[in-house]
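The values are calculated or read from the model by the stated rules, or taken from the named source; none is laboratory data. A quick note: this is a predicted structure, and the numbers were derived from the prediction, not measured. Because the Cβ atoms are built from the backbone with ideal geometry, glycine has one as well, and the counts that use them run over all protein chains shown.
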Amino acid sequence: MIWDAFKLAIASIWQHKLRTFLTIVGVIIGISSVITFLALGEGLRRDVNSEISTLGSNLIAILPGEFDPSNGGGFSTNLISGDILKLEDVATLDELADVKAISPYMLVGGVLRRDQTTAPQALLLGTNSAITTTMSSLEIDRGRIFSDDEDRLAKRVIVLGPGIKKTLFGDAEALGESVQIGKETFEVVGITKVPDSASVLGGSDYSSIVLIPIHTAGEIAGGVKVMRIILTLDSDVDAKNYVKIIQTRLEENHAPEDFTVLTQDDLIGTVNTILDLLTAAVAAIASISLVVAGVGIMNIMLVSVAERTREIGLRKAVGATTSAILWQFLIESIVLSVFGALLAVGIAWIGTQLTIKYSALTPIITPDAILLAVGVGITVGLIFGIAPAYRAARLDPIAALRHD
């Protein structure tokens, strides 16, 4: 019975191809949007997790303010203020025997330029010479990182990312040349290596990072504002177990709620939680179109029942049962919706390929996403096909045969 109903559904859909396409446009838009957002979320999750993993398993980040990775993030308003953590905290933690390297980070305002040529995409960071250890993906290609003495004396020296060097100097040599931030002039002492791939963290890849000594940053900004501290531990130290030691040391000068200590696993978990929430929210918004599409399917199926009233009466007259008629129209509704869902998966796949080709993102359509699309298609067809199918099944065969 179901197979016969399926064949009848295919025949009816094929007979009204244009109407079928217009009916399932909403399903295609809704499901392709959901699948695309899920693919972007999954791809971004893998990219971010991979990028964080390259920083090393013994990396620890210290952020100002309260930040609960187990509760969906909970970003503090102090996260980027720079008013809590101090350079004294960096010195205190650097005294710990198991700390291999430690770097403070400070964002620097202003536009980097060379005479009249500007590099507005530059991410200006004040830090120390240990940056090439704590940020292991950042390596010096030519020249050098600034020295501890240059940092302590607030010398105007600068290290350019390769993208910024290209913007300001083109193919000309940059080492030893001068660039400006506001009214301050800096000597270029180093160029970092071209990153293997674009970074998906922080809105800027390593090619656009520009480094200056943190004491220099403090002088031109009117004071050092440490926005985070990154440290790496010796390879034989368990980062999770070391968190308590760091917390105890920092609590000598801070209240517990003044800072948060995160391991690599915490960072990955927090990113995953945030991406899950964003993906769910965007997918929920996109799903609204599925309700509209379902109403469209229901209306078209009601029109189909009205058009085929005599056919229904004839089938009942020759012995078709009420359940057979019900299944015929219900399956037709489901087939319509599932067909739209499969087209949506194809469109989403094309969209992901274009995204991979023209951006740094790598969206991934998982088998679960495809199963979800088919499941949603079946559900939409079933829910919005019940009313038309029930109406068709309840038709009186005599009255139906008299219908013009």
So, in the range 238-272, exactly how many residues are at pLDDT 85 or above, part of a helix (DSSP H, G or I) and among the polar types (S, T, N, Q)? 3
So the strands (runs of 3 or more DSSP E) completely within the range 91-166 holding 1 or more residues that are in contact with a helix residue (DSSP H, G or I) (Cβ under 6 Å, 6 or more places away or on another chain), touching a residue at least 40 places away in the same chain (Cβ under 8 Å) and over 18 Å from K193 (Cβ atoms) are 99-107, 112-114, 117-119, 123-127, 157-160
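Filter the range 174-194 down to residues that are in a loop (DSSP other than H, G, I, E, B) and charged (D, E, K, R), then give me how many there are. Give the derivation first.
First, the residues of the range 174-194 that are in a loop (DSSP other than H, G, I, E, B): 174-177, 182-183, 193-194.
Cutting the leftovers down to charged (D, E, K, R) gives us 177, 183, 193.
Number of matching residues: 3.
Yes or no, residue by residue, for (1) touching a helix residue (DSSP H, G or I) at 6+ places or on another chain (Cβ under 8 Å); (2) under 19 Å from L22 (Cα atoms); (3) in a helix (DSSP H, G or I):
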{"site": "L314", "(1), (2), (3)": "yes, no, yes"}
{"site": "E332", "(1), (2), (3)": "yes, yes, yes"}
{"site": "L342", "(1), (2), (3)": "yes, yes, yes"}
{"site": "T355", "(1), (2), (3)": "yes, no, yes"}
{"site": "L371", "(1), (2), (3)": "no, no, yes"}
{"site": "A387", "(1), (2), (3)": "yes, no, yes"}
{"site": "L401", "(1), (2), (3)": "yes, no, yes"}
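Working carefully through the options I312, I297, find the one that is surrounded by 18 or more Cβ atoms within 10 Å (Cβ to Cβ), at pLDDT below 85 and more than 30 Å from R46 (Cα to Cα).
Working: I297 fails: at pLDDT below 85.
Only one candidate passes the filter, namely I312.
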What number of residues within the range 214-266 are hydrophobic (A, V, I, L, M, F, W, C) and farther than 30 Å from G182 by Cβ? 12
Those residues of the range 357-369 which are touching a helix residue (DSSP H, G or I) at 6+ places or on another chain (Cβ under 6 Å) and assigned to a helix (DSSP H, G or I), in sequence order: A369
Checking the structure you have, find out if any residue of the range 348-363 is within 22 Å of E311 (Cβ to Cβ), out of contact with any strand residue (DSSP E or B) (no Cβ under 7 Å at 6 or more places or on another chain) and at pLDDT below 90. no
State yes or no: is A284 over 24 Å from L22 (Cβ atoms), out of contact with any Ser or Thr (no Cβ under 6 Å at 6 or more places or on another chain) and either surrounded by fewer than 17 Cβ atoms within 10 Å (Cβ to Cβ) or in the same structural domain as F37 (by TED's automatic domain parsing) (or both)? yes
One residue from D238, D276 being touching a residue at least 12 places away in the same chain (Cβ under 8 Å) and among the charged types (D, E, K, R): D276
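From the list V189, V200, V224, which one is of a type outside the set (F, W, Y) and modelled with pLDDT of 95 or more? Step through it out loud before you land on a result.
On the way: V200 fails: modelled with pLDDT of 95 or more; V224 fails: modelled with pLDDT of 95 or more.
Selected residue: V189, the only one of V189, V200, V224 that is of a type outside the set (F, W, Y) and modelled with pLDDT of 95 or more.
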Only one of these conditions is not met by A369: (1) buried (at least 17 other Cβ atoms within 10 Å of the Cβ); (2) farther than 20 Å from L38 by Cβ; (3) within 19 Å of the chain's Cα centre (by Cα). Which number is it? (2)
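Only one of I364, I350 is without any contact (Cβ under 8 Å) to a residue 24 or more places away in the chain, closer than 30 Å to S207 by Cβ and either surrounded by 17 or more Cβ atoms within 10 Å (Cβ to Cβ) or more than 16 Å from the chain's Cα centre (by Cα) (or both). Can you tell me which?
Numbers: I364 fails: without any contact (Cβ under 8 Å) to a residue 24 or more places away in the chain.
The conditions single out I350.
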